[in-house]
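To keep things clear, I will list the structure first and then write my remarks on it.
Please treat every number below as a calculation from the coordinates, not as lab data. Here the structure is a predicted model, which is why all the values come from computation and not from measurement. Heads up, the Cβs are rebuilt from the backbone with ideal geometry, glycines too, and the neighbour counts pull from every protein chain shown.
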Amino acid sequence: MLNVTHIDLGGCEGCSVALLRAMLNAKNCKFKSRLTGDFDADGEVVMVSGPICMNDPEKIEMLKELRKKAKLLIAFGSCAAVGGITRYCRGGQQPKPHHMTFQPINAVVTVDYAIPGCPPSPRMIQPFMNALADGKQSNYIQIFKAVTKVKKLSGFDLIDDIVLQNICISCGACVLSCPTGAMHMVSGKPDLIVEKCIRCGTCYVRCPRASQLLIRRYLK
Ligand code: SF4
Ligand code: SF4
C-alpha cells in the first residue's frame, strides 16, 4: 500500500481532477490531497501538479521542503513535468509574467518520475501506480524516469527526433494521444500543426520509437 499525497502549485486543476478520479479507484494507494483538505507532506509519494512560478519564493521554498520530506517526488501533468502550456504565459495583468516565469519543477528540485499529459489519462496513471506499488522497473515506468531529465518535450521534438530521422513506423499513436489535434497524418506520416501544439509532450512519451530513444539517451 502506497501513501500518496497530492499538491497543486497553481495549474488549471485539470491534472488535479484527473488524479482524483484515478485515485478514487486505486486499490493499492492511500490518497490525500490538499484539494480535499487532508494534505500532509509526510506521504511516501508526493505528486505535484502545476508549474513552479520562478517569481514566487514561497512556492519555491515549499517545493524544496516537499523534496526533503518525500521518498518519491513525482511531477504530475505536463506543466509540472515539462512546462506545458504555461510556457506560453504572458499574463494579462501586472505583474506580467514572462515566458521563463513558469518552469517544470525539475528547474528547482530533482524529481523521481515525471508524467506528461494535459492531463495524463487514467490509462496512463493506473499502470504507473501499479508498477510503483509492485516496485517493478518495467520499460513503462522507466519512460517516466527518463522524462525527469528533460526540461521540454513537444510535437516539435517528435518531428525532429523521429519523423525527420526516418524511424517513424506510422503507427499513429502520436495522433491518437494528442489532446489538441495538433498532430495529424499526411501521406502516412505524422505532421504538426504548429499553432495547435501546447508542448504537453504526450505524443513523445506515447510514441514507441521516441519513448525508447528517451530511455536510451538518459538511462542507459
Ligand atoms: S503535438 Fe499534441 S501531444 Fe504533442 S506536444 Fe503538441 S499538443 Fe502535446
Ligand atoms: S507514434 Fe511515433 S512511430 Fe508512431 S506515427 Fe507517431 S511518430 Fe511515428
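Annotations
- Gaussian network model of the chain, springs between alpha carbon atoms under 10 Å - residue of M54, M124, M185 with greatest fluctuation: M185
- Each listed q (0.22, 0.25, 0.28, 0.29 Å⁻¹) maps to a log10 I(q)/I(0) for the stretch 155-219 from the Debye sum over equal C-alpha point scatterers, namely -0.83, -1.07, -1.33, -1.42.
- Ordering of 125-133, 198-206, 154-162 by packing is 198-206, 154-162, 125-133, highest average first (other Cβ atoms within 10 Å, averaged per residue).
- Helix 122-134 axis, angle to the chain major axis (alpha carbon atoms, nearest 10°): 60 degrees
- Cα-Cα P(r), the stretch 51-179, percent of pairs per 10 Å interval: 12, 37, 34, 15, 3
- Each peptide in 61-71, 112-122 gets a packing score, the mean of other Cβ atoms within 10 Å over its residues, and the list from highest to lowest is 112-122, 61-71.
- Neighbourhood charge, 9 Å Cβ-Cβ cut-off, centred on Y204 and excluding it, Lys, Arg +1 and Asp, Glu -1: -1
- Shape of the chain, Cα gyration tensor, a/c cut at 1.5: oblate
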